[in-house]
Every structure is written in C-alpha cells, then in structure tokens.
Amino acid sequence: MKAQSQFNWIFIIIAGAIILAFFVNFALKYKSLQEEKISVELLINLDNALFNLQASPFNTFDVVNVPKDLEITCNNLKIGNRNYSNDKLIFSPKNLKDKIYIYYKPFNFPFKIENFYYIISPDNKFYLIAGDQKSREFAQLLIDNLPEGFKQNIAIESTRQVTGKNIFINTAANINDVKIILQDNKISINYNNKLYEDVNQELVYGAMFSDNFDCAYNKLKPSLEKTISSYQSKLILLQNSNCNYSPFVQYLNKLKELKNENIKPIEALNQNLASLNCPVLY
C-alpha cells in the first residue's frame, strides 16, 4: 500500500511536470507568435504607407507608429528579430523607434526615375553646420522645403554639435563627416570621403538623413539606366515623324552621370518640341 502511494505521488509529480512544460512551451510559442504578428502588422502598415504615398505625383508626408524597434539598411528591414528584404529607395538613420515620419518625393531627372522615401524618428536630430551667410541661406532653404514633421528635427548651427548628425556646409569637417559643397552654382556632396558632384536637392536630403547613402546612390543607378533605356526606345519611334529628335541621343547618355547640369539641355529640347507642336519626349 505504501509502495502504491509512493508510485501515485511519483506519477502526479511527473504528470504535473509534463503539464507545466506543456503550458510553458505554449506560453513561449504564444509570445513568439504575438511578436511575429506585431512584426507582420508593422511591415504591412509600413508597406501600405509607402504605397499610398507613391500614388501621389506630389511630395507627401505620413506618420506611422512603430511598436517595435525598426532597423532600416539599404536592402533590408529588420523588425524585432525578423528580417525582410527592402527593394525601395529609403534614406533614413539605421535605427528608428516609437514613431516614424515618412516624406515621399518623386525623383525626377528630368523625367521620373524613382520614388524616394525619407524616414526619421522624432529623436533623430540633424544639425546643418553653416559658417557663412551663403551656407546659412542654403541650409534654411533645405529646411523650408521639408514638411513640418522634419523641420522640427533640424537646426542650423555654426559649430559641431555633440549629439545628433552634423552636416557641414562649406565648412571645415573631418574626413568621414557629411559635407555639402556649394561652388559655381553647383551642389556637391562629400560622403564617407567620396565626392558626388553636381547633385540635386533630393540627393542632398538623401545624404542628410541616410546612414548608408553610398549604397542607396548605387541602388538608384539601375532604375536610372532602365528609365533612360525606355526613353531611348521611345526616341526611335518618334524619329519616324518630321521632327528632329537626334540631339536627345547624346544628352540621354550623359544623364547616367547623375549630374544636374545634364538635365537642362533635355528640358530645353523638350520645350522646343512643344513649341513646334511636335510630340514631346516626356
């Protein structure tokens, strides 16, 4: 009888341990599933926000709540412990949390090439270090052209700030600092000691907000080349008309350099076609 009682207790203990293990395992799986659900919901909300923004031909702005830490790199989105591929051109700090501001701006060069998304969190601070009047005026222009959600995170200063990201405009900087160079009515960017010459304002914002501008810039090039190729094909069709499209050929090839000076000849040629009642290129 005593042996049977001991056996019953052993059985109860083993059964209890199994039941406890079951519920612990269930709780862990439930937690994991909930985290996965939150990650997927955040990804869907972010993807929907980006999609809705690009539906507009104008510059647009949105705010998305982020219940989990979000990490954005050139080709990857990381939400919690989950990784997702990123095929969009996003310029942002690597780490974002709580809430994100999204500014959408179509990248035209001169025709539309890509969708640019600038993303920051409220705690991301950016300082435009401007030492002279020309630099301060340019810095103010950059701020004025941004939505309100971004403006409050940017300040113009005369010297390097301890916290936040410093962007130097025509001012002495360290080798790895982001530097904007204004010279001969052209804007150039020095990023990670690499010079990007004669860029437009959209790319300046990219260098300001991105922690990986080099990668995003290179990611832009296939879209640029693909779009140029489509317009080169369109040229072949248009040349069957009585209008002269041959001057476009050399300038379309030059667009691949991503230099702002190569836009103006194409804009002028396109306007001239319109004045002659010819089908325009774009």
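The values are calculated or read from the model by the stated rules, or taken from the named source; none is laboratory data. Note that the structure is predicted; figures quoted are calculated from it, not measured. Ideal geometry is used to build each Cβ from the backbone, glycine not excepted, and the neighbour counts take in all protein chains shown.
Inspect all residues belonging to the stretch 201-222 and state whether any of them is of a type in the set (F, W, Y), outside any helix (DSSP H, G or I) and modelled with pLDDT of 95 or more. No: zero hits.
When restricted to residues that are touching an Asp or Glu at 6+ places or on another chain (Cβ under 7 Å), assigned to a loop (DSSP other than H, G, I, E, B) and over 17 Å from A139 (Cα atoms), the stretch 163-197 contains 1. Within the stretch 251-279, residues that are in contact (Cβ under 8 Å) with a residue 40 or more places away in the chain reach partners that are in a helix (DSSP H, G or I) and surrounded by 13 or more Cβ atoms within 10 Å (Cβ to Cβ) with beta carbons closer than 6 Å, at six or more positions or on different chains, in the pairs L255/I228; L255/N262; I266/Y251; P279/L238. Among the residues making up the stretch 192-201, none is closer than 14 Å to Y118 by Cβ and either in the same structural domain as N95 (by TED's automatic domain parsing) or surrounded by 20 or more Cβ atoms within 10 Å (Cβ to Cβ) (or both). G131 meets all of the listed conditions (1) over 29 Å from K256 (Cα atoms); (2) touching a residue at least 12 places away in the same chain (Cβ under 8 Å); (3) in contact with a Phe, Trp or Tyr (Cβ under 9 Å, 6 or more places away or on another chain); (4) not assigned by TED's automatic domain parsing to the domain that holds S210 but one, namely (4). Does any residue of the stretch 207-222 turn out to be of a type in the set (D, E) and surrounded by 13 or more Cβ atoms within 10 Å (Cβ to Cβ)? For the stretch 207-222, residues of a type in the set (D, E) and surrounded by 13 or more Cβ atoms within 10 Å (Cβ to Cβ): present. Does Y103 fit the bill of being of a type in the set (S, T, Y) and touching an Asp or Glu at 6+ places or on another chain (Cβ under 8 Å)? Here the answer is no, as Y103 does not meet what is asked. Selection over the stretch 151-173 of residues that are under 22 Å from I119 (Cα atoms), polar (S, T, N, Q) and in contact with a strand residue (DSSP E or B) (Cβ under 8 Å, 6 or more places away or on another chain) gives a count of 3.
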